[in-house]
Amino acid sequence: MNIHEKYIKRCIELAQNGFGTTYPNPMVGSVIVYEDKIIGEGWHKKAGEPHAEVNAVRSVKDKSLLKKATIYVSLEPCSHFGKTPPCCDLIIEHKIPNIVVGTVDPNEKVAGNGIKKLIASGANVVVGVLEKECYELNKRFFTFHQQKRPYIILKWAQSQDDFLSPEKETNQDRKPVWITNQYSRQLVHKWRSEEQAILVGTKTVIDDNPKLNVRDWSGNNPVRVVLDQNNRISKDSFIFDDSIKTIIFTKSEISLSAENTTFEVIDFNENIIPQILAVLYQNQIQSIIIEGGLQTLQSFIDQNIWDEARIFVGKTIFGNGTKAPILQMKNVTKTYIQNDELINVRNHD
Ligand SMILES: NC(=O)c1ccc[n+]([C@@H]2O[C@H](COP(=O)([O-])OP(=O)(O)OC[C@H]3O[C@@H](n4cnc5c(N)ncnc54)[C@H](OP(=O)(O)O)[C@@H]3O)[C@@H](O)[C@H]2O)c1
């Protein structure tokens, strides 16, 4: 690891402190170095609050050193007026002569303009240090801006014999049959707190009446997204409790006096996935975790519109029921949470 990589790695570590709180902004970290010593550090905490570079500059005690220092930033400094002034202007104003950038900002409002502005000011600018790691840090933000859709995580739990759920009685008490242990389930709540939205199919709500919120972890609840073409989900289901922003995709809107629950009418005779993703994009949703059931998950898999799959394999054996989705297992990593196997599949290298 060379010296630039060492400091960009530190920027990435700092940036991660903002995980889940910076939306719709990316996570960004910055360090300021003079004579191989860090003299300032900062990260972006929340949209509307100062950017990483501002926090890093503010943390430097002896500002006279800035004229001889190097500023490292995991993402290109912004060049436009958003909720805060451009970071490029701050760097130029403080006459910081060297700038090292992890990766270019894919946001159309920046997209290389920050780098151009810094070069034009006469500074030395190095771009593309630990680029892959910086991209990975903001994979949701990059997917959103480059592909105009949220980053998609598929998640399910399956039994040893590849079922999502056992055969159910029609008069069952609308609860899921657990496959995984309490620690795996807690991890899922952490994951929910990290994403902006969560989606499930109609049958999952009818069968299991999920709350789709964050209970076993602290953090934000994702926006609930539910398919209900024919409005057949009963209105006493948790997803209609209006406690969290909820979007229902349907063929025909129904009237409901609810502040946080909205209906989006789409054409179910056409492919619904691009229509859903377009609405989520309009709603500035950068990431979504899809938690089942089979038909819903398989639709995304078959159209190859997903980025990551997280699959738990528990010790339970069901013998019959709803089959687990079929997914080609490549780019796989495996871990264990006690007896549960957790398989992570990436759809791209
Ligand atoms: N183990 C796990 O991780 C897990 C997670 C979630 C669910 N589950 C289990 O899975 C079972 C439900 O799975 P499922 O496959 O039967 O149901 P599902 O995917 O939850 O819901 C299927 C329904 O959603 C709508 N839908 C889904 N994809 C669609 C598409 N591409 N186009 C149009 N409509 C679409 C349709 O509703 P309409 O027919 O009304 O149009 C369809 O009948 C439940 O028993 C639940 O317990 C297990």
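Report the net charge of residues surrounding Val188, where surrounding means a beta-carbon distance below 9 angstrom and charges are Lys +1, Arg +1, Asp -1, Glu -1. That sum, taken over residues with Cβ under 9 Å, equals +3. Using the Cβ-Cβ distance between Gln172 and Asp62 with R0 set to 45 Å, the FRET efficiency from 1/(1 + (r/R0)^6) comes to roughly 0.10. Fewest-first ordering of Cys87, Cys78 by other beta carbons within 10 Å of each residue's beta carbon gives Cys78, Cys87. Shown is the FRET efficiency for Asp162 and Thr84, computed with R0 = 35 Å from the Cβ-Cβ distance and rounded to the nearest 0.05: 0.10. Less than 5 angstrom separates the built amide H of Ala157 from those of Phe312, all sequence-distant by 5 or more or on a different chain. Computed from backbone phi, the HN-Hα couplings of segment 2-17 come to 7, 5, 5, 4, 4, 7, 5, 4, 5, 4, 5, 4, 5, 4, 4, 4 Hz, rounded to whole numbers (Karplus: 6.51 cos²θ - 1.76 cosθ + 1.60, θ = phi - 60°; Gly and Pro given as x). Around Phe81, with a cut-off of 12 angstrom between Cβ atoms, what is the net charge of the other residues, counting Lys and Arg +1 and Asp and Glu -1? Its environment carries a net charge of +1.
For segment 253-349, trypsin sites (Lys or Arg not before Pro) are listed when DSSP marks them as loop and at most 10 other Cβ atoms sit within 10 Å of their Cβ; the list is Lys330.
Taking Cβ atoms as reference points and 13 Å as the exclusive limit, the residues near Arg174 contribute a net charge of -1, counting Lys and Arg as +1 and Asp and Glu as -1.
Distance between the modelled labels on Lys323 and Asn17, one decimal in nanometres: 5.0 nm (7 Å Cα→Cβ projection). Among the chymotrypsin sites (Phe, Trp or Tyr not before Pro) found in segment 22-110, those both in a DSSP coil and sparsely packed, with 12 or fewer other Cβ atoms within 10 Å of their Cβ, are Phe81. The spacing between segment 269-337 and segment 180-249, judged by their C-alpha centroids, is 14 Å. Couplings 3J(HN,Hα) of segment 96-105, computed from phi: 6, x, 10, 10, 10, 10, x, 8, 6, 7 Hz, in residue order, whole Hz [Karplus 6.51 cos²θ - 1.76 cosθ + 1.60, θ = phi - 60°; x for Gly and Pro]. For segment 209-215, backbone phi angles converted through the Karplus equation (6.51, -1.76, 1.60; θ = phi - 60°) give residue-by-residue couplings of 6, x, 8, 6, 10, 9, 10 Hz, Gly and Pro being listed as x.
Computed from Cα positions, the angle between helix 182-194 and the longest principal axis of the chain comes to roughly 50 degrees. Counted over the chain, the DSSP beta bridges are approximately 40% antiparallel.
No lab work stands behind these numbers, since they all come straight from the coordinates. Small disclaimer: the values here were computed from a predicted structure and weren't measured. Glycine also receives a Cβ, built like all others from the backbone with ideal geometry; neighbour counts cover every protein chain displayed.
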